[in-house]
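A short worksheet on the structure shown next.
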Amino acid sequence: MTEQALSSRHLLGIKDLSVQDIQLILKTAEQFKEVINRPIKKVPSLRDITIANLFFENSTRTKLSFELAEKRLSADIINFSSSGSSVSKGETLLDTVQNILAMKVDMIVVRHSSVGAAKFIASNVKAQVINAGDGTHEHPTQALLDAFSIQKSFGKIKGAKIAIIGDILHSRVALSNIFCLTKLGAKVRVCGPPTLIPKHIMGLGVEVDYDLKRTLEWCDVANVLRIQTERMELQYFPTAREYHRFFGIDLELLNSLKNKMVLMHPGPINRGVELTSLAADSKQSIILEQVENGVAIRMAVLYLLANKT
Ligand code: CP
């Protein structure tokens with residue numbers, strides 16, 4: 001394994017990472033992908049490290065792949081979910097974290113619905129912090145696994161035309177992907193209804209298009225995002241059916257295009273809204289490869305941060 005180090009002792013967002021940091025994580029994940037495809041998938045790298053996975057918001061992929069990555073690296077782990085915890089009795093975020101850290105924990109993986117939660121924790125405790133998604137802000141390990149998956153399936157990121165489609169306004173995946181892909185030299189275009197594309201987005205170096213077919217014809221890779229109804233306080237489109245009519249992708253649409261772009265989705269999918277089942281499960285889809293790559297990326301991040309203590 002590499003002896004190189006990341007420039008920060010936390011992973012709070014892609015915005016803070018240098019191109020060298022991102023490339024180091026992608027290169028290290030390559031080695032861990034090879035490890036997790038061996039008959040014996042476990043290495044002793046994090047034998048003396050204790051990690052707490054703190055999930056204040058629901059998760060399937062991120063939570064389980066961090067847990068598996070930690071086990072593959074031989075770390076000791078504890079898992080916390082806010083549902084069923086003393087948060088319901090009014091315990092504050094910082095009190096919860098400090099009580100868990102009193103059990104001699106070295107590293108925290110945290111998902112929270114509030115923007116800046118991971119940064120707030122990192123500024124108030126000694127443990128290392130990894131952001132597993134903070135509200136509508138960032139989801140750095142998702143962007144890293146998406147970049148890794150693009151590299152594997154399309155062959156390169158620099159110069160690749162990558163479309164991010166759907167609910168850009170509420171998506172931490174969109175923001176982290178934009179930071180990551182533009183740093184790595186991709187051409188990024190966002191596409192969705194005008195109500196779900198924030199006005200400031202062009203300032204981040206991306207193009208905007210409100211026409212789905214034109215965007216799909218342009219791109220090498222389409223990363224389709226979930227409509228995040230749980231974060232919507234207003235009505236941004238009339239109905240899910242109407243959304244699907246203009247921004248949903250089905251097999252007929254995919255087959256009508258001359259190009260065969262790589263189709264991605266971070267999950268969970270609203271089947272029949274962003275993607276029909278036939279599109280999500282088509283040959284162009286690498287959705288389950290993204291999930292597989294998530295374990296290798298999270299092993300790389302944990303390993304590199306543990307070397308930074
Ligand atoms: N992609 C993603 O973050 O999925 P989960 O919410 O299931 O972790």
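Across the accessible surface of the stretch 140-290, with the other protein chains kept in place and a 1.4 Å probe, carbon and sulfur atoms take up 53 percent. Angle of helix 287-306 to the longest C-alpha principal axis of the chain, folded into 0 to 90 degrees and rounded to 10: 30°. Using a Förster distance of 22 Å, how high is the FRET efficiency between Leu251 and Arg38, based on the Cβ-Cβ distance and rounded to 0.05? The calculated FRET efficiency here is 0.05. Shape index of the stretch 140-290: Rg/Rh, with Rg the Cα radius of gyration and Rh the Kirkwood radius from the inverse mean 1/r over Cα pairs, equals 0.92. Pairs of Cα atoms nearer than 8 Å and 6+ residues apart set the relative contact order; for the chain it is 21 percent.
Counting only residues at least eight positions apart within a chain, or on another chain, the aspartates and glutamates with an alpha carbon under 15 Å from that of Lys27 are Glu3, Asp146.
Legend: residue pairs Lys15/Lys258; Lys33/Lys213; Lys33/Lys156; Lys161/Lys258, Cα-Cα distance threshold 25 Å; pairs beyond threshold, Lys15/Lys258; Lys33/Lys213. Relative to the longest principal axis of the chain, what angle (0 to 90°, nearest 10) does the C-alpha long axis of helix 172-183 take? Approximately 90 degrees, to the nearest ten. Each stretch of four or more DSSP H residues adds -39500 (n - 2.57); spread over every residue of the chain, this sum gives -11500 deg cm²/dmol at 222 nm. Using a Debye calculation, one point per C-alpha and no hydration shell, please list log10 I(q)/I(0) for the stretch 63-201 at q = 0.10, 0.16 Å⁻¹ in order. Per q value, in the given order, log10 I(q)/I(0) is -0.43, -0.95.
With 32 Å as the cut-off, how large is the P(r) tail for the chain, expressed as percent of Cα-Cα pairs?
26
In terms of packing, defined here as the mean over residues of other Cβ atoms within 10 angstrom, the peptides 163-172, 245-254 line up highest first as 163-172, 245-254.
Normalising the average separation of contacting C-alpha pairs (under 8 angstrom, six or more residues apart) by the number of residues puts the relative contact order of the stretch 251-309 at 34 percent. Between the stretch 7-62 and the stretch 285-299, the C-alpha centres lie 12 angstrom from each other. For Lys71 and Lys260, what is the calculated FRET efficiency with R₀ set at 35 Å and r taken between the beta-carbons, to the nearest 0.05? So, using R0 = 35 Å, E works out to roughly 0.40. Against the chain, whose longest principal axis is taken from its Cα atoms, helix 19-36 shows a tilt of about 80°.
Taking a virtual spin label 7 Å from the Cα of Glu242 along the C-beta vector, which residues in the stretch 208-231 bring their backbone nitrogen under 17 Å of it? Inside the label zone: 227-229.
The values are calculated or read from the model by the stated rules, or taken from the named source; none is laboratory data. Keep in mind it's a predicted model, so treat the numbers as computed, not measured. In this analysis, Cβ positions are derived from the backbone assuming ideal geometry, glycine residues included, and neighbour counts consider all displayed protein chains. Note: areas computed on protein heavy atoms with side chains; ligands, DNA, RNA excluded. Shrake-Rupley method; radii C 1.70, N 1.55, O 1.52, S 1.80 Å.
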